[in-house]
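As structure tokens, the structure follows; a few thoughts come after it.
The values are calculated or read from the model by the stated rules, or taken from the named source; none is laboratory data. The model shown is predicted, which means the values in this text are computed figures rather than measured ones. Every residue, glycine as well, gets a Cβ built from its backbone with ideal geometry; the counts of neighbours run over all protein chains shown.
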Amino acid sequence: MKRSIIYVGIAAIFALAACQSEKTPIDREALLERNNPHVTAFDTLSSLSVGNGGFAVTVDASGLQTFPKEYSKGVPLGTQSDWGWHSFANPQNLLHCETLKDYDYHGRPAPYAVQFNEAGRQRDAANWYRVNPHRLHLGIVGLELPEGTGFDAFTEVNQTLDLLNGQINSSYKLNGKPVSVQTVCHPERDIMSSMIAATEPMAIKLCYAYPTGAHSDDASNWNANDKHSTTLVASTDNSATLKRVIDESVYYVVLQWDGNATLTEKEANYFVLSATCDTLSFSCEYRLETPSNSSQEEEYGEVPAFAETKGAANAYWNGFWKNGGMVDFSECTDPRAPELERRVVLSQYLMAIQAAGDTPPQETGLTYNSWFGKFHLEMIWWHQSHFPLWGHPELLNRTLNWYHRAEPVARQIAERQGFDGIRWMKMTDPDAMEAPSKVGSFLIWQQPHLIHLAELVYRATKDEAVLKNYYDLIQKTAEFMYSFATYDSINDRYILKGIIAAQETLRASENVNPPMELSSWHYGLSTAQLWRERMGEPRVPEWDTLLAKLSPLAKDAEGKLYLASEDATDSYTNIRFISDHPAVTGALGMYPESRLLDKEIMNNTIDKIFEVWNWDETWGWDYPMIAMCAVRVGEPDKAVDALLMKNRTNTCLVSGHNYQDKRLRLYLPGNGGLLTAMAVMCAGWDGCTEDTPGFPKDGKWNVKWEGLLPMP
């Protein structure tokens with residue numbers, strides 16, 4: 001699919017970062033060069049990727065996708081896109097309404113889409129809609145090697161991701177003979193392109209699998225050739241078009257090559273392009289089905305050759321690195337600084353290739369499936385809030401427009417549950433279908449994300465079109481937030497109840513006033529009122545009443561620590577309350593200071609979390625969440641310690657990916673959260689007058705930064 005490249009508001013961004021203008025400019029090329037990922041052996045956790053935000057291809061040390069089965073349990077060799085989705089057949093005609101079950105958390109029955117334990121149509125319906133649709137693996141493009149060839153046939157492996165140019169350069173000896181491969185992705189179209197140079201002719205394989213429908217895997221069932229087909233529907237001397245049919249899903253693979261080569265069908269869903277020359281260059285474009293071949297050509301045109309694709313990729317990435325924000329740790333003497341710089345630079349690249357498409361990203365991006373390839377709207381803030389803060393508001397804006405498509409479904413959810421406005425679902429897909437969940441359906445902290453993210457885009461661009469584009473969505477989002485809060489007449493306050501909090505170990509039936517949700521409600525409604533003023537509309541009096549009477553964060557009996565919620569009086573002795581996300585820190589970190597909380601008590605709470613938390617049960621974005629909170633309470637040492645804490649879920653692979661466990665070998669919210677935290681640590685927030693408030697002033701952290709914006 002075509003994707004436009006637009007840089008928005010760069011002048012404004014750099015003007016707002018004027019406090020850095022007196023410093024020597026960062027040598028961006030040198031910074032990128034010293035952090036280029038380097039691979040010297042086949043390692044299933046060291047695969048590298050190229051992409052354009054809505055399409056990505058991951059390769060092994062051969063420079064292509066030669067060993068997909070061997071890498072399936074590592075960082076898989078994926079080819080995924082925004083548009084590539086599939087659903088299994090539904091012969092029982094299961095209906096989404098059959099996934100609903102009434103719950104009474106607001107004084108009336110409200111239907112939620114949930115999972116069922118008892119056998120029957122309701123359980124079948126919930127299971128079907130949870131699995132379907134799921135994201136497709138679009139295809140493998142790898143070296144065609146003799147059967148039995150393994151990693152040991154490759155020696156002197158030398159592979160580098162050239163960040164400046166968005167290009168993977170691979171060289172090695174294959175059975176003692178030198179081979180070099182360059183691999184790029186087109187910045188606007190879903191094209192991977194490579195050039196292979198060797199001392200003898202080479203061949204590439206194009207292989208296609210049937211979906212698995214599994215919760216977390218590479219979405220490749222290689223033993224179901226009878227369930228899908230790949231047909232050669234057009235060819236010339238240097239091109240071929242393959243039609244892929246997987247049940248009701250149809251897409252095309254268009255291959256273009258330079259030089260003498262022949263495409264043959266080896267077996268079902270397996271083609272081989274064999275060259276008769278020492279250098280083979282090709283481009284492989286993945287296209288969604290369109291009404292006719294003529295309309296396809298009108299939309300796409302001819303597939304650009306390798307040289308043209310490489311030129312477009314190089315130009316895009318040079319522009320990306322030149323125009324965005326940058327942080328340089330080269331003058332720091334703390335021994336942890338180089339590793340922090342590596343994580344920051346690689347996270348910029350990974351988020352730009354994996355999480356900047358036409359739909360919100362899944363937590364494993366465009367590499368392999370997690371939660372069936374679906375995306376989670378409570379995670380979009382962690383994936384993408386950094387884009388406008390780092391000088392790339394257009395990448396976030398591209399995704400946010402999906403909310404317009406989702407609005408009708410979100411409005412129906414609110415209506416069926418008896419609330420006003422629109423309620424954003426948690427786990428969903430491009431068509432905004434609500435996936436049944438025993439946890440996700442009760443989450444609410446995704447609700448204000450649209451307001452927060454749209455505000456960041458507007459702050460970065462000052463574009464009136466942004467206000468007009470999102471104003472109605474923001475107002476309807478706020479209408480739900482107001483109607484969802486419950487008025488406690490005995491204590492003359494508003495409370496939040498009937499929810500599973502961001503800290504998902506809290507039970508919906510007991511949970512009252514979790515801290516992050518309170519802060520998010522306060523910020524979301526305050527910002528919705530601000531947008532009304534910007535649009536010349538009066539404030540909503542009822543919203544102001546709620547803001548004035550919204551419950552403050554719950555404290556322990558001594559008034560020294562904040563609790564996970566009002567019912568969690570044993571927050572720091574009960575394992576249920578010291579596991580999962582330490583979301584209390586998100587109340588001041590993700591969100592600005594408000595009347596709901598006290599910074600001294602929050603500082604005490606951070607200390608307690610460091611002391612007692614069950615760190616083996618945390619997630620990648622917990623560390624930047626704690627860091628942002630620590631910075632806002634004036635504890636930069638704690639912020640740095642949090643970001644570089646040595647723990648499994650804070651591991652950073654050679655590619656920059658945030659490793660979690662054997663199921664989630666990469667986890668992009670951790671990378672995105674790091675970038676947002678870095679913006680807070682460098683540029684601060686509204687009202688902050690200190691430069692780089694997130695780093696200790698001990699002479700070891702001479703951090704240079706450019707082009708970052710402060711948080712609200």
By residue number, the members of region 661-712 that are of a type in the set (Ser, Thr, Tyr) and surrounded by fewer than 20 Cβ atoms within 10 Å (Cβ to Cβ) are Thr689
**Study point:** Filter pass, Gln159 being part of a strand (DSSP E or B) and touching a helix residue (DSSP H, G or I) at 6+ places or on another chain (Cβ under 8 Å)
**Key:** no
(request) Examine region 689-704 for a residue that is over 21 Å from Tyr523 (Cα atoms), touching a residue at least 40 places away in the same chain (Cβ under 8 Å), among the hydrophobic types (A, V, I, L, M, F, W, C) and out of contact with any helix residue (DSSP H, G or I) (no Cβ under 6 Å at 6 or more places or on another chain), and state whether such a residue exists. (result) yes
Val409 vs (1) of a type outside the set (Asp, Glu); (2) surrounded by fewer than 24 Cβ atoms within 10 Å (Cβ to Cβ); (3) in contact with a Leu (Cβ under 9 Å, 6 or more places away or on another chain): all pass except (3)
Of the residues in region 395-449 that are small (Gly, Ala, Ser) and part of a helix (DSSP H, G or I), the one that is nearest to Gly324 (Cα to Cα) is Ala406
Exercise. Residues in region 207-225: is at least one touching a Lys or Arg at 6+ places or on another chain (Cβ under 8 Å) and either among the β-branched types (Val, Ile, Thr) or over 26 Å from His134 (Cβ atoms) (or both)?
Worked result: no
Of the residues in region 195-224, those that are within 27 Å of Ser283 (Cβ to Cβ), at pLDDT 95 or above and acidic (Asp, Glu) come to Asp218
Exercise for the section: Assess whether Leu530 counts as being buried (at least 17 other Cβ atoms within 10 Å of the Cβ), of a type outside the set (Val, Ile, Thr) and in the same structural domain as Lys599 (by TED's automatic domain parsing). Expected result: no
Exactly one of Ser170, Ser180, Ser194 is touching a Gly at 6+ places or on another chain (Cβ under 6 Å), among the hydroxyl-bearing types (Ser, Thr, Tyr) and part of a strand (DSSP E or B), and that one is Ser170
Pairs returned, first residue in region 604-630 that is in contact (Cβ under 8 Å) with a residue 60 or more places away in the chain and within 9 Å of Gly673 (Cβ to Cβ), second residue that is among the basic types (Lys, Arg) and in a helix (DSSP H, G or I), beta-carbon separation under 9 angstrom, 6 or more apart or interchain, are Ala627/Lys638
How many residues of region 384-418 are free of Cβ contacts under 8 Å to residues at least 12 places away in the same chain and more than 28 Å from Tyr103 (Cβ to Cβ)? The answer is 0
Residue count, region 103-127, condition under 21 Å from Phe480 (Cα atoms) and surrounded by 11 or more Cβ atoms within 10 Å (Cβ to Cβ), comes to 9
